[in-house]
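In what follows, a structure is listed as structure tokens, so that the remarks can point back to it.
None of the figures in this text is laboratory data; all of them are computed from the coordinates on show. Since the model is a prediction, treat every value here as computed from it, not as a measurement. Every residue, glycine as well, gets a Cβ built from its backbone with ideal geometry; the counts of neighbours run over all protein chains shown.
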Amino acid sequence: MSKDVPESHPRYLSLMTRERIACGVEKGITSEHGLIAQGRGEAFDYLIGEKTHLFAQKSIDAALALLLLAEHPVISVNGNVAALSPKEIVALSRAISAKIEVNIFHTSKEREQKIQQELLDSGAEEVLLPSESATISDIDHNRRFVNEEGILKADVVFVPLEDGDRCEALVAGGKKVVTVDLNPLSRTAQTATITIVDNIVRVIPFMIERVEKLRSMQGSSLRKIVSDYDNSSLLKEALAQMQKTLSEEN
Ligand code: ATP
Ligand code: MG
């Protein structure tokens, strides 16, 4: 199908994104539930006009500052992220010196290994998997396993497209959490330390471009970006943008 969609098509990016998710399911990387999550994301993307707004750019700067200041930053990758942005995740992990860990909602050893392989094929040197022994608390049995060298000891975790329960458990465990979530009302968006309300396919390339600028800054400037940041006001800006789109349509 992808060959049939001309780049000039008004929904080109959206159609290509669907294609990548469907391909992820075929390859056994993405779960069928991941298709539903993508659909929910698309509805909110429509409402923000499918672009990276200033509110998302502000969250991206704060996220990069937090990740650059971290002692043990980790990027947690699930089946949707691995299908949509594998190469970009690897490039970002290099730029911010973060480890990559596979962590999926519906536990499956086979799918974890396929995601790991996809990231290795995309240029990652090392991809951690949840271990049998290390766990985070406040979450049900199957989803509590993490890697000792990864999420267990991380101070900042970047978990795009995360489920609310795990986001809450990570925050309750004392970790700072950065997420990407198109729905500003989700529990993840509301619980995370920093929520980037935008589509992951636009966010990660934007972060890679922007990280050079942030890396050239002093630690004190990065700390100021983080301390000035107010996630709840950014979420309100995202909701206001959606309301504006709706009122303009009427
Ligand atoms: P929560 O558990 O946080 O309350 P939820 O149960 O509604 O949220 P989940 O399926 O747990 O949703 O998490 C997926 C989230 O990722 C959704 O909020 C969805 O809007 C968002 N999402 C899906 N695809 C994308 C994408 N491509 N870019 C950014 N966000 C996305
Ligand atoms: Mg959920």
| query | Applying 1/(1 + (r/R0)^6) with R0 = 45 Å to the Cβ-Cβ distance of ARG223 and LEU120, what FRET efficiency is obtained, to the nearest 0.05? | reply | 0.85
| Note, ³J(HN,Hα) from phi for segment 141-157, Karplus 6.51, -1.76, 1.60, rounded to Hz, x at Gly and Pro | 2, 5, 9, 8, 6, 9, 8, 4, 8, x, 4, 4, 9, 5, 9, 10, 10
| request: Kindly point out which whole DSSP H helices in the chain project their C-alpha atoms 20 angstrom or further along the helix axis while averaging a Kyte-Doolittle hydropathy of -1.0 or above. | output: 12-27, 32-47, 54-69, 200-215, 231-249
| query | Where the centroid of each part is defined by its Cα atoms, how far is segment 77-102 from segment 107-146 in Å? | reply | 13
| request: Mind telling me which of ALA98, ALA172, ALA83 comes out most flexible in a GNM of the chain, alpha-carbon contacts under 10 Å? | output: ALA172
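Considering only DSSP beta bridges whose two residues both sit in segment 24-163, what percent are antiparallel, to the nearest 5?
On the way: 1 of 9 bridges.
Looking only at bridges with both residues in segment 24-163, the antiparallel portion is about 10 percent.
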| message | Rounded, prolate or oblate for the chain? Axes are the square roots of the Cα gyration tensor eigenvalues, ordered a ≥ b ≥ c, and the cut-off for rounded is a/c under 1.5. | response | rounded
| request: Specify the inter-centroid distance of segment 206-250 and segment 10-36, based on alpha-carbon positions, in whole Å. | output: 27
| query | Percent antiparallel among DSSP beta bridges with both residues in the chain, to the nearest 5? | reply | 5
| request: In debye, nearest 20, what is the charge dipole magnitude of segment 120-229 about its Cα centre with +1 on Lys and Arg Cβ and -1 on Asp and Glu Cβ, if you could check? | output: 540
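Please state the charge dipole magnitude for the chain, taken about the Cα centre, from unit charges on C-beta atoms (+1 on K and R, -1 on D and E), reported in debye and rounded to the nearest 20.
Details: 29 positive and 37 negative charges, 84 e Å.
Rounded to the nearest 20 debye, it is 400 debye.
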| remark: Least to most buried among LYS213, LYS224, by other C-beta atoms within 10 Å and fewest first, runs LYS213, LYS224
| request: For an R0 of 35 angstrom, estimate the FRET efficiency from the Cβ-Cβ distance between GLU148 and LEU13 and round to the nearest 0.05. | output: 0.35
| query | For the chain, modelled as a GNM with alpha-carbon contacts under 10 angstrom, which of SER59, SER76, SER131 fluctuates the most? | reply | SER131
| What list do you get for ASP138, ASP198 if you sort them by fewest beta carbons within 10 Å? | ASP138, ASP198
| Put +1 on the Cβ of every Lys and Arg and -1 on every Asp and Glu Cβ in the chain; which of ASN147, MET242, LEU120 then has its Cα farthest towards the positive end of the dipole? | MET242
